Amino acid sequence: MEKAHPHIYVSIIEDDPLILTSLKQLIESAAGFKVVSSFQTADDALKNFPKPVPDVLLLDIDLPGTSGVEALPKLNKLLPKTSILMLTVNESSDLVFQSLQSGAVGYLLKGNTPSKLLENIREVYEGGSPMSPSIARKVIGSFQNKDPYKLSDREKQVLQKLCNGSNNSKIAEELFVSVNTVKAHIKNIYEKMHVHSRAEVVAEALKNKMV
């Protein structure tokens, strides 16, 4: 994503006022980040989301009224250029699947360290799809040997790492290939799976229980 402004613009939807205040203070105090809006319910955010539009939206999955999962499709439509990162204390794999299928690009536990949170906001901004290790293991562990798209073995390896939240550079390092080779594999995966983004790739992989 090309940077159109000097900071990564972040919005937060979190119903716990203490957590919301803590997140705002953490992000505002970090160089290169700016909180541009915050809400305690998804309903308030959906009524009138103010400008500027955020680059990354931190969305609590367990909200009063419209839940985070329920709000995701509406927020994606309202903010098509915003990457949505779920915040939760719940490691239910069902909620992970629902969030990813509804358009979330990443999924993190609220118990992560401040440095990890900032790192993953930046990773999302740069096109990554972070998940906590425990959730990533559940996602990968749920896959079965089903592949309606006839991916090659290498493409399956890349797909698995995409679902694990790895960015292009990390995938290239782990598979001992160049970043351009990884990009070529991802392009082929997109074409075979008829998708246009990492979020859609992960959602399709989960829906079809692919490996």
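Side notes on the structure shown:
Yes/no matrix, rows are residues, columns are (1) at pLDDT 90 or above; (2) in contact with a helix residue (DSSP H, G or I) (Cβ under 7 Å, 6 or more places away or on another chain); (3) not aromatic (Phe, Trp, Tyr):
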{"site": "SER29", "(1), (2), (3)": "yes, no, yes"}
{"site": "SER37", "(1), (2), (3)": "yes, no, yes"}
{"site": "ASP43", "(1), (2), (3)": "yes, no, yes"}
{"site": "ASN48", "(1), (2), (3)": "no, no, yes"}
{"site": "PRO54", "(1), (2), (3)": "yes, no, yes"}
{"site": "LEU59", "(1), (2), (3)": "yes, yes, yes"}
{"site": "SER67", "(1), (2), (3)": "yes, no, yes"}
{"site": "ALA71", "(1), (2), (3)": "yes, yes, yes"}
{"site": "LEU79", "(1), (2), (3)": "yes, no, yes"}
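- Out of ALA136, ALA184, ALA172, sole residue that is outside any loop (DSSP other than H, G, I, E, B) and modelled with pLDDT under 85: ALA136
The values are calculated or read from the model by the stated rules, or taken from the named source; none is laboratory data. Please read all numbers here as calculations on a predicted model, not as lab measurements. FYI the Cβ positions are ideal-geometry reconstructions off the backbone, even for glycines, and counts take in every protein chain you see.
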